[in-house]
1. Cβ contacts < 6 Å: first residue hydrophobic (A, V, I, L, M, F, W, C), restricted to segment 90-119; second residue part of a loop (DSSP other than H, G, I, E, B) and within 9 Å of the ligand (Cβ to nearest atom), any location; separation 6+ or different chain. Result?
2. Going by what's in this entry, would residue 48 be described as touching a Pro at 6+ places or on another chain (Cβ under 8 Å) and among the hydroxyl-bearing types (Ser, Thr, Tyr)?
3. From the list 12, 38, pick out the single residue that is at pLDDT below 95 and either part of a loop (DSSP other than H, G, I, E, B) or within 11 Å of the ligand (Cβ to nearest atom) (or both).
4. Any residue in segment 3-22 that is surrounded by 11 or more Cβ atoms within 10 Å (Cβ to Cβ) and under 30 Å from residue 154 (Cα atoms)?
5. Quick one: would you say residue 6 is at pLDDT 90 or above and farther than 17 Å from residue 143 by Cβ?
6. Can you pull out the strands (runs of 3 or more DSSP E) entirely within segment 58-126 that have at least 1 residues that are within 13 Å of the ligand (Cβ to nearest atom) and under 30 Å from residue 169 (Cβ atoms)?
7. Yes or no: segment 41-56 includes at least one residue that is at pLDDT 95 or above, in a loop (DSSP other than H, G, I, E, B) and away from the ligand (no atom under 14 Å from the Cβ).
8. Please find, among 101, 87, 67, the residue that is of a type in the set (Asp, Glu) and closer than 18 Å to residue 158 by Cα.
Amino acid sequence: MKENKPPNIPSPKDLPVDLRKIMRFFPSAVTVVTSILPSGEQFGLTVSAFSSLSLEPPLVLICIRNESNATRLFKESMKYCVNILAENQRPIAETFSMAGEDTRFVGLRYRPGKTGCAMIDDTIGYIDCKIVKIVKAGDHHIFVGEAVDVQAEKKEPLLYIDRHYVKLEKEGPA
Ligand SMILES: Cc1cc2nc3c(=O)[nH]c(=O)nc-3n(C[C@H](O)[C@H](O)[C@H](O)COP(=O)(O)O)c2cc1C
(Lines give C-alpha, C1' and ligand atoms only; values in the text may rest on other atoms or scores of the structure.)
Protein backbone atom coordinates (compact mmCIF):
# COMPACT_ATOMS: atom_id res chain seq x y z
CA MET A 1 0.00 0.00 0.00
CA LYS A 2 1.22 3.53 -0.82
CA GLU A 3 2.24 5.45 2.29
CA ASN A 4 0.73 8.90 2.73
CA LYS A 5 3.24 11.77 2.71
CA PRO A 6 2.73 15.13 4.44
CA PRO A 7 1.47 17.78 1.99
CA ASN A 8 4.00 20.20 0.57
CA ILE A 9 2.89 23.20 2.65
CA PRO A 10 5.80 25.25 4.01
CA SER A 11 5.95 25.44 7.82
CA PRO A 12 6.28 29.09 8.92
CA LYS A 13 9.05 29.88 11.40
CA ASP A 14 6.58 31.59 13.71
CA LEU A 15 2.87 30.86 13.76
CA PRO A 16 0.71 34.02 13.88
CA VAL A 17 -0.91 32.69 17.05
CA ASP A 18 1.08 30.46 19.33
CA LEU A 19 -0.48 26.97 19.55
CA ARG A 20 -0.16 27.28 23.32
CA LYS A 21 -2.39 30.38 23.27
CA ILE A 22 -5.30 28.65 21.56
CA MET A 23 -4.89 25.47 23.62
CA ARG A 24 -5.27 27.60 26.78
CA PHE A 25 -8.89 28.16 25.77
CA PHE A 26 -9.55 24.52 24.94
CA PRO A 27 -11.28 23.06 28.00
CA SER A 28 -10.13 19.67 29.15
CA ALA A 29 -10.89 17.13 31.80
CA VAL A 30 -8.21 16.51 34.40
CA THR A 31 -6.65 13.11 35.05
CA VAL A 32 -3.93 11.79 37.31
CA VAL A 33 -1.96 9.06 35.57
CA THR A 34 -0.27 6.64 37.94
CA SER A 35 2.22 3.83 37.41
CA ILE A 36 4.56 1.51 39.29
CA LEU A 37 8.07 0.30 38.50
CA PRO A 38 9.16 -3.35 38.84
CA SER A 39 11.00 -2.20 42.02
CA GLY A 40 7.61 -1.24 43.54
CA GLU A 41 8.30 2.50 43.31
CA GLN A 42 5.15 4.44 42.43
CA PHE A 43 4.95 7.60 40.36
CA GLY A 44 2.24 9.70 38.80
CA LEU A 45 1.43 13.10 37.36
CA THR A 46 -1.48 15.34 36.42
CA VAL A 47 -2.34 14.96 32.74
CA SER A 48 -4.87 16.77 30.56
CA ALA A 49 -3.47 15.45 27.26
CA PHE A 50 -5.52 12.27 27.43
CA SER A 51 -7.80 10.87 24.73
CA SER A 52 -9.60 7.74 23.76
CA LEU A 53 -8.15 6.32 20.54
CA SER A 54 -9.89 3.07 19.57
CA LEU A 55 -12.73 0.89 20.82
CA GLU A 56 -11.66 -2.32 19.09
CA PRO A 57 -9.09 -2.91 20.47
CA PRO A 58 -9.71 -0.58 23.45
CA LEU A 59 -6.93 2.02 23.18
CA VAL A 60 -6.29 5.36 24.88
CA LEU A 61 -3.35 7.76 24.72
CA ILE A 62 -1.53 10.24 26.93
CA CYS A 63 1.06 12.84 25.87
CA ILE A 64 3.98 13.47 28.21
CA ARG A 65 6.75 16.09 27.93
CA ASN A 66 10.05 14.60 26.84
CA GLU A 67 11.82 16.26 29.80
CA SER A 68 9.36 14.94 32.35
CA ASN A 69 10.73 12.26 34.64
CA ALA A 70 7.55 10.37 33.85
CA THR A 71 8.62 9.81 30.22
CA ARG A 72 11.64 7.83 31.35
CA LEU A 73 9.63 6.02 34.04
CA PHE A 74 6.70 4.99 31.76
CA LYS A 75 9.26 3.48 29.35
CA GLU A 76 10.43 1.32 32.25
CA SER A 77 7.05 0.41 33.78
CA MET A 78 5.19 -0.09 30.43
CA LYS A 79 1.82 0.42 32.14
CA TYR A 80 -0.38 3.20 33.52
CA CYS A 81 -3.74 3.89 35.10
CA VAL A 82 -5.67 7.00 34.01
CA ASN A 83 -7.73 8.31 36.96
CA ILE A 84 -10.40 10.80 35.83
CA LEU A 85 -10.84 13.34 38.61
CA ALA A 86 -14.18 14.43 40.04
CA GLU A 87 -14.89 18.13 40.65
CA ASN A 88 -13.96 17.96 44.37
CA GLN A 89 -10.51 16.42 43.67
CA ARG A 90 -8.66 19.62 42.73
CA PRO A 91 -6.14 19.16 45.62
CA ILE A 92 -5.09 15.83 44.07
CA ALA A 93 -4.53 17.51 40.67
CA GLU A 94 -2.44 20.19 42.39
CA THR A 95 -0.35 17.68 44.34
CA PHE A 96 0.42 15.62 41.23
CA SER A 97 1.44 18.64 39.15
CA MET A 98 3.80 20.22 41.67
CA ALA A 99 7.47 19.50 42.13
CA GLY A 100 8.32 16.96 44.84
CA GLU A 101 7.41 13.60 43.44
CA ASP A 102 8.28 11.73 46.66
CA THR A 103 5.29 13.01 48.61
CA ARG A 104 2.57 12.74 45.96
CA PHE A 105 1.08 9.51 47.32
CA VAL A 106 1.26 10.52 50.99
CA GLY A 107 -2.26 10.70 52.44
CA LEU A 108 -3.81 9.66 49.11
CA ARG A 109 -6.57 7.05 49.28
CA TYR A 110 -6.04 4.45 46.54
CA ARG A 111 -5.79 0.74 45.86
CA PRO A 112 -3.75 -1.22 43.33
CA GLY A 113 -5.47 -2.07 40.05
CA LYS A 114 -5.03 -5.14 37.82
CA THR A 115 -1.68 -3.79 36.56
CA GLY A 116 -0.57 -2.79 40.07
CA CYS A 117 -0.92 0.92 39.23
CA ALA A 118 -2.77 3.11 41.77
CA MET A 119 -6.52 3.48 41.34
CA ILE A 120 -7.45 6.62 43.26
CA ASP A 121 -10.62 6.47 45.41
CA ASP A 122 -13.73 8.53 44.63
CA THR A 123 -12.79 9.48 41.06
CA ILE A 124 -15.20 9.41 38.10
CA GLY A 125 -13.40 6.27 37.03
CA TYR A 126 -10.20 4.77 35.80
CA ILE A 127 -8.71 3.08 32.76
CA ASP A 128 -5.97 0.63 33.70
CA CYS A 129 -3.65 -0.05 30.74
CA LYS A 130 -0.58 -1.80 29.45
CA ILE A 131 1.53 0.40 27.16
CA VAL A 132 1.47 -1.05 23.64
CA LYS A 133 3.10 1.73 21.63
CA ILE A 134 5.36 4.73 22.26
CA VAL A 135 5.74 7.52 19.69
CA LYS A 136 8.12 10.46 20.06
CA ALA A 137 6.40 13.47 18.51
CA GLY A 138 8.16 16.83 18.82
CA ASP A 139 8.72 17.76 22.45
CA HIS A 140 6.29 15.11 23.77
CA HIS A 141 5.99 11.33 23.81
CA ILE A 142 2.67 9.64 23.03
CA PHE A 143 2.07 6.57 25.18
CA VAL A 144 -0.67 4.38 23.71
CA GLY A 145 -2.32 2.16 26.32
CA GLU A 146 -4.51 -0.89 25.84
CA ALA A 147 -7.18 -1.06 28.54
CA VAL A 148 -7.15 -4.16 30.75
CA ASP A 149 -9.71 -2.83 33.24
CA VAL A 150 -12.18 0.08 33.19
CA GLN A 151 -14.55 1.41 35.86
CA ALA A 152 -16.83 4.44 35.76
CA GLU A 153 -19.31 6.21 38.01
CA LYS A 154 -21.46 9.19 36.99
CA LYS A 155 -20.08 12.25 38.80
CA GLU A 156 -19.33 15.88 37.98
CA PRO A 157 -15.85 16.28 36.43
CA LEU A 158 -12.98 18.61 37.31
CA LEU A 159 -12.15 20.80 34.29
CA TYR A 160 -9.18 22.98 33.34
CA ILE A 161 -9.25 26.05 31.11
CA ASP A 162 -7.10 29.19 30.78
CA ARG A 163 -4.81 27.90 33.58
CA HIS A 164 -7.72 27.60 36.02
CA TYR A 165 -9.59 24.66 37.48
CA VAL A 166 -13.34 25.05 36.93
CA LYS A 167 -16.50 23.11 37.62
CA LEU A 168 -19.13 22.28 35.06
CA GLU A 169 -22.04 24.70 35.20
CA LYS A 170 -25.13 23.11 33.82
CA GLU A 171 -27.78 25.23 32.17
CA GLY A 172 -31.19 25.11 33.81
CA PRO A 173 -34.25 23.81 32.06
CA ALA A 174 -35.27 25.89 29.00
C1 LIG B 1 -4.05 20.74 34.63
C2 LIG B 1 -2.68 20.22 34.27
C3 LIG B 1 -2.55 19.38 33.19
C4 LIG B 1 -1.30 18.86 32.81
N5 LIG B 1 -1.21 18.03 31.73
C6 LIG B 1 -0.01 17.53 31.37
C7 LIG B 1 0.09 16.65 30.26
O8 LIG B 1 -0.89 16.35 29.59
N9 LIG B 1 1.32 16.15 29.95
C10 LIG B 1 2.45 16.49 30.67
O11 LIG B 1 3.55 16.01 30.33
N12 LIG B 1 2.38 17.33 31.73
C13 LIG B 1 1.18 17.84 32.10
N14 LIG B 1 1.09 18.67 33.18
C15 LIG B 1 2.31 18.99 33.95
C16 LIG B 1 2.69 17.83 34.87
O17 LIG B 1 1.64 17.47 35.74
C18 LIG B 1 3.94 18.28 35.69
O19 LIG B 1 4.92 18.72 34.82
C20 LIG B 1 4.50 17.11 36.43
O21 LIG B 1 3.69 16.70 37.46
C22 LIG B 1 5.83 17.49 37.03
O23 LIG B 1 6.52 16.29 37.25
P24 LIG B 1 7.78 15.90 36.35
O25 LIG B 1 8.92 16.63 36.97
O26 LIG B 1 7.86 14.45 36.43
O27 LIG B 1 7.46 16.45 34.97
C28 LIG B 1 -0.14 19.21 33.56
C29 LIG B 1 -0.28 20.06 34.66
C30 LIG B 1 -1.53 20.56 35.02
C31 LIG B 1 -1.64 21.48 36.20
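The values are calculated or read from the model by the stated rules, or taken from the named source; none is laboratory data. None of the values given here were measured: they were computed from a predicted structure. Because the Cβ atoms are built from the backbone with ideal geometry, glycine has one as well, and the counts that use them run over all protein chains shown.
1. These pairs meet every condition: 93/30; 96/104.
2. No: the conditions fail for residue 48.
3. Among 12, 38, only 12 is at pLDDT below 95 and either part of a loop (DSSP other than H, G, I, E, B) or within 11 Å of the ligand (Cβ to nearest atom) (or both).
4. no
5. It is false that residue 6 is at pLDDT 90 or above and farther than 17 Å from residue 143 by Cβ.
6. Strands (runs of 3 or more DSSP E) meeting the threshold: 59-65, 79-84.
7. Scanning segment 41-56 turns up at least one residue that is at pLDDT 95 or above, in a loop (DSSP other than H, G, I, E, B) and away from the ligand (no atom under 14 Å from the Cβ).
8. Selected residue: 87, the only one of 101, 87, 67 that is of a type in the set (Asp, Glu) and closer than 18 Å to residue 158 by Cα.
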